[in-house]
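The values are calculated or read from the model by the stated rules, or taken from the named source; none is laboratory data. What you see is a predicted model; the values in this text were computed from it and never measured. A quick note on method: Cβ atoms are made from the backbone with ideal geometry, for glycine too, and the neighbour counts reach across all protein chains shown. Heads up: the accessible areas ignore ligands, DNA and RNA and are worked out on the full protein's heavy atoms, side chains in. Shrake-Rupley method; radii C 1.70, N 1.55, O 1.52, S 1.80 Å.
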Amino acid sequence: MKLVTDSSSKTLEVEPMAGSSKDPGNAAAACDPNRAPSSAGTGSKPRHFVSLFDLTAAEAGLLLDRTVRLKRGELNEHRTSLLLGRTLGLIFEKPSLRTRVSFESAMARLGGNSIFLRGKDVGLGVRESVADFARVISQYVDVLAVRTFSQAIVEELARHAEVPVVNALSDSSHPCQAMADMVTILEQRGPLGGRKLVFVGDGNNVARSLALASALLGLEFVLSCPAGYEFADVFSARFSAQLPRVSLVVEPDPRKAVKGADVVYTDVWASMGQEHEADQRREVFKPYQVNEALMARARPNAIFLHCLPAHRGEEVTSGVLDGPQSQVIPQAANRMHFQMALLLWLLGAGKP
């Protein structure tokens, strides 16, 4: 799949990895003969968005294409009525700014509405089983976005829900963030094929999802981290099994890693739930700070990305975060635009 544009019309191009299906509707079946085509919008078992392992290269390209066109206003005819009468349920066990507001704004811009519930109000697996909750909430909402600690909870919700389930973040993955980041890279650096994305820091949920998105869309991905903070073995094994032609590259020296990089990306050194490790991690990751000297080793037109919130003076200096190469604000804005495209795709609404 390609989004082809020339310099005069600002056309963008997506080049998924070789061997992917060119038919988005049957892309899943093309990659796995035992897997049925996507059921998004067909009225059969709902399509979920719980991990980028479940997304094909063709589907990833389709979602990026739709995001770009929505953002440009090319699909805006009757946009505010596309999800009229539809309701998005938001179940958050972790605090949030960007994720919550971007989802609520996305739904509102499409004519729908949202219901927000904190995890303690729901008590997943405590007040009632996850399966019971999934079956009940499916009677009230049309799509469910969950921000939680456990990937297993997201997957169990998807097994029992009668509506699409979206992973709005788990300790294992952050697929909405990674796909929105691909939109930012596409806008700022042009065609994705062959671009080099270097993640400097912990092999966390954001890094894992970026590695998968890069593999699907043809970017070279490099993780630069200290020993002991690489990708978990279970993730690496699944990645290698599902994407055998793509290597998971780890370069412990950040100065070597960012050489030739089109994108330098970082995240906080201690994520939510790791606060007790913050002091230890601060010492271990000191050599991995993204500062002006490190950015100077990347390509001259390289961009800097961070999923935010940032700890200024730790994983990144204010000079980089606020500097001319930083795209963190457009990056945050693209969360909303991608999620608009995702909601339309999952609910089978609007033009493809």
Discussion item. Taking the solvent-accessible surface of protein heavy atoms with a 1.4 Å probe, what is the per residue accessible area of the chain in Å²?
Written reply: 42
Discussion item. Let's test the formula: R0 of 30 Å, r as the Cβ-Cβ distance of Q280 and V250. What FRET efficiency results, to the nearest 0.05?
Written reply: 0.90
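Probe radius 1.4 Å, ligands and nucleic acids ignored: give me the carbon and sulfur share of the accessible area of segment 123-174 as a rounded percent. Each step should come with its number before you reach the end.
On the way: 990 of 2060 Å².
With neighbouring chains kept in place, the figure for segment 123-174 is 48 percent.
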Item to complete: Just read off the accessible area of S81 with the full protein assembly in place, 1.4 Å probe, to the nearest 10 Å².
Response: 60
Worksheet item: In what order, largest first, do H48, H306 sit by accessible area if the probe radius is 1.4 Å?
Response: H48, H306
Worksheet, complete the sentence: Which of (i) 92, 46, 38; (ii) 53, 51, 38; (iii) 100, 54, 35 is the computed Cα extents along the principal axes in Å? It is (ii)
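If you average over every viewing direction, what projected area does the convex hull of the Cα atoms of segment 131-187 give, in nm²?
Numbers: hull surface 17.0 nm².
With the hull built on Cα positions only, its mean projection is 4.2 nm².
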Item to complete: Take the solvent-accessible surface of the protein heavy atoms, probe 1.4 Å, and return the percent of it on segment 191-265 that carbon and sulfur atoms account for.
Response: 53
Worksheet, complete the sentence: Once L97 and R159 are pulled to full extension, the length gained, defined as 0.36 nm per residue separation minus their Cα-Cα distance, is 19.5 nm
Worksheet item: Roughly how many Å is it from the Cα centre of segment 136-171 to that of segment 85-109, as a whole number?
Response: 13
Worksheet item: Once every DSSP H run of n ≥ 4 in the chain is given -39500 (n - 2.57) and the sum is divided by its residues, what mean residue ellipticity at 222 nm do you get, rounded to the nearest 500 deg cm²/dmol?
Response: -11000 deg cm²/dmol
Item to complete: Hand me the tally of lysine pairs in the chain: alpha carbons under 15 angstrom apart, and the pair either on different chains or 8 or more positions apart.
Response: 7
Worksheet item: With charges only on Cβ, +1 for K and R and -1 for D and E, what is the dipole size of the chain about its Cα centre, in debye, rounded to 20?
Response: 720
